[in-house]
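Have a look at the structure below, then the notes.
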Amino acid sequence: MGMKQAELARQSGVGLTTIGKIEKGQSVSLALLITVLRTLGLLENLDLIVPETKISPIQMLQLQGKKVQRVRTSE
């Protein structure tokens, strides 16, 4: 975006080290990453990092719980 690291750090309110870590792909807290993305106007790109989770049919059944079934007794 043509912005120097020091300027981005100042505008975001994070340290210069944090900006360097983000550029290198190193670990930073999610709060700091969101702050930098917001400053760059790229917050909507967070969806690309954390994809939507879909529930499998088996997990759906497990979430519904077991249904009570009557057992027929023989006479």
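Somewhere in the stretch 1-13, is a residue at pLDDT below 80 and over 18 Å from the mean Cα position of the chain (by Cα)? Within the stretch 1-13 (the criterion being at pLDDT below 80 and over 18 Å from the mean Cα position of the chain (by Cα)), the answer is yes, since at least one residue qualifies. Restricted to the stretch 48-71, and to residues there that are farther than 30 Å from L33 by Cα and among the β-branched types (V, I, T), the residue that is modelled with the highest pLDDT is I58.
The values are calculated or read from the model by the stated rules, or taken from the named source; none is laboratory data. Keep in mind that this is a model prediction, so the values were computed, not measured.
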